[in-house]
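Participant: Handing you this structure, nothing more for now.
The numbers here are math on the coordinates, done by the rules we state, and not lab data. Computed from a prediction, not measured in an experiment: that's the story for all the values here. Glycine gets a Cβ as well: all are built from the backbone with ideal geometry, and neighbour counts include every protein chain shown.
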Amino acid sequence: MAGKSVSAFDAAALVSSGDTVTTSGLVGAGVPDGLPKALGDRLAQEGQPRDWTGWRRSALRRIAGGHWGLIPQLGARALRGEIEGWNFPQEAISHL
């Protein structure tokens, strides 16, 4: 990786099972839309990565965030106990 940016495919190749994947943005702004698709494609092709912390339903084990309004299905999954989930105030997330 010589540059500061990589393709979604190359970024997905860096994720291992059990890793934590995080992005930064406010209400979806600044979130790399191609990355979850590339991770899903890799999961379908290779069967991994699995059990990572992030946002893709098929492989998701836990999620942490501060706003669930645009992804209510993940909040619902956490409430049903299907995944681990935490919802922190924006100020706490900014410090993390």
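Participant: With the crude spin-label approximation of a point 7 Å out along Cα→Cβ, what separation in nm comes out for SER5 versus ASP41?
Facilitator: 1.7
Participant: Sticking with this structure for a sec: Which of LYS37, LYS4 comes first, and how do the rest follow, when ranked by fewest Cβ neighbours within 10 Å?
Facilitator: The most exposed by this proxy come first: LYS4, LYS37.
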